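Peer 1: If you scroll down you'll find the structure; I have some questions about it.
FYI, it's all coordinate maths here, none of it is from the lab. Keep in mind the model is a prediction, meaning the values are calculated, not measured.
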Amino acid sequence: MIAETIIQVVTLLLIVLGGALAVWFKDLLSSIIALAGASLLVALEFYILQAPDVAIAEAGIGAALTMAIYVVALRRTRRKEKE
């Protein structure tokens, strides 16, 4: 019981860290990767909370599909150079 609580607390702290890193990074691709990592950790948290169907949906849509859409959008836009 205590081990499960420790795992949940560590997972939640890593989710917060991933979100903070997504905001802190200057490079957009790094932010996308940090956000996808946080989403995968959310999927892990759902699995720990015994909701495997929600965990699969979060991993498939939240992490994989959303990250792919963000990367495609990033690649199709041009970056403005500072003058």
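Peer 1: Calculated from the structure, P(r) over Cα pairs in 10 Å bins from 0, in percent equals which of (i) 16, 31, 16, 12, 14, 10, 2; (ii) 18, 53, 27, 2; (iii) 19, 40, 27, 10, 4, 0?
Peer 2: (iii)
Peer 1: For the range 47-52, take each phi angle, set θ = phi - 60°, evaluate the Karplus expression 6.51 cos²θ - 1.76 cosθ + 1.60, and give the result in whole Hz per residue in order, putting x for glycine and proline.
Peer 2: 5, 5, 7, 6, 10, x
Peer 1: Summing -39500 (n - 2.57) over the DSSP H runs of n ≥ 4 in the chain and dividing by its residue number, what mean residue ellipticity at 222 nm do you reach, to the nearest 500 deg cm²/dmol? List each step's numbers first, then the result.
Peer 2: Details: 4 runs with 61 residues, N = 83.
About -24000 deg cm²/dmol.
Peer 1: Ok, one more. Binning at 5 Å from 0, report for the range 12-52 what percent of all alpha-carbon pair distances ends up in each bin.
Peer 2: The percentages, shortest bin first, are 7, 29, 26, 18, 11, 6, 3, 0.
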